[in-house]
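The values are calculated or read from the model by the stated rules, or taken from the named source; none is laboratory data. Since this is a predicted model, take the numbers as computed values, not measurements. Cβ placement follows ideal geometry from the backbone for every residue including glycine, while neighbour counts extend to all protein chains displayed. For accessibility, only protein heavy atoms count, side chains too; no ligands or nucleic acids. Shrake-Rupley method; radii C 1.70, N 1.55, O 1.52, S 1.80 Å.
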Amino acid sequence: VGSWALRRAALDHRAWVEKGINPPRVAVNVSAIQLRQRDFVDIVERAVMEGVAPVAIDLEITESLVMEDVEATIEKLKRVRALGIRMAIDDFGTGYSSLAYLAKLPVETLKIDRSFVITMLKDIDTATLVQTVITLAHSLKLTVVAEGVDSEEQAKILKLLRCDQMQGYLFSKPLPEDQLVMLLRPAR
């Protein structure tokens, strides 16, 4: 299923480009089973070859998944990164990561888990954690994405904290492909 999802993302992205749409990059979650496979990098390479160049696929790997076998994961991610694929640490803050390893990972993006975003307005300690994660990520030259942004108030605070990107229902709920294509088409 993981291989199919990667291939489907690459094919969909290519189809959008062929329709004259300038689509954003497509993010695909990686499961523990996928990452543990010996031929993980080969599978990723075959899947993204279905798309356009340069590669427009991002892989998202959870913080806890990275920590399962750190050295092997770092090596695989470096090989995937060499293919032109960007990587993000998803659900950051919910696992037990080592900051020393965070600095070694070949990733470009850190995604703050939605559980922090939805509670930061009510809990000053959570807001402080969000601010700290953003500062830490920026010091490591990582892009920060806040997940689960559902209100203008959350977006306003995250902008003040210098969060780079946001995702959530404030911007769009999940859409069927035809509605997504309509949303991505340039206004005439």
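Just one of Gly168, Gly93, Gly148, Gly84 is closer than 20 Å to Ala56 by Cβ and among the small types (Gly, Ala, Ser); which is it?
Among Gly168, Gly93, Gly148, Gly84, only Gly84 is closer than 20 Å to Ala56 by Cβ and among the small types (Gly, Ala, Ser).
Among the residues in the range 120-141, are any under 20 Å from Phe40 (Cβ atoms) and in a helix (DSSP H, G or I)?
no
Got at least one residue in the range 31-49 being open to solvent by 50 Å² or more (accessible area, probe 1.4 Å), on the phi < 0 side of the Ramachandran plot and touching a Phe, Trp or Tyr at 6+ places or on another chain (Cβ under 9 Å)?
no
Give the residues of the range 61-75 that are open to solvent by 40 Å² or more (accessible area, probe 1.4 Å) and within 16 Å of Val28 (Cα to Cα), sorted by residue number.
Thr62
Can you tell me which condition Thr109 does not meet? The list is (1) closer than 23 Å to Asn22 by Cα; (2) open to solvent by 40 Å² or more (accessible area, probe 1.4 Å); (3) among the hydroxyl-bearing types (Ser, Thr, Tyr), and all the others hold.
Here Thr109 clears every test but (2).
Go through (1) under 17 Å from Met87 (Cα atoms); (2) among the acidic types (Asp, Glu); (3) part of a loop (DSSP other than H, G, I, E, B) for Glu60 and report which single condition fails.
(3)
Considering the range 50-60 alone, what residues qualify as being over 21 Å from Asp113 (Cα atoms) and surrounded by 21 or more Cβ atoms within 10 Å (Cβ to Cβ)?
Gly51, Ala56
Determine whether the range 92-108 contains at least one residue that is of a type in the set (S, T, N, Q), touching a residue at least 24 places away in the same chain (Cβ under 8 Å) and closer than 22 Å to Ala9 by Cβ.
no
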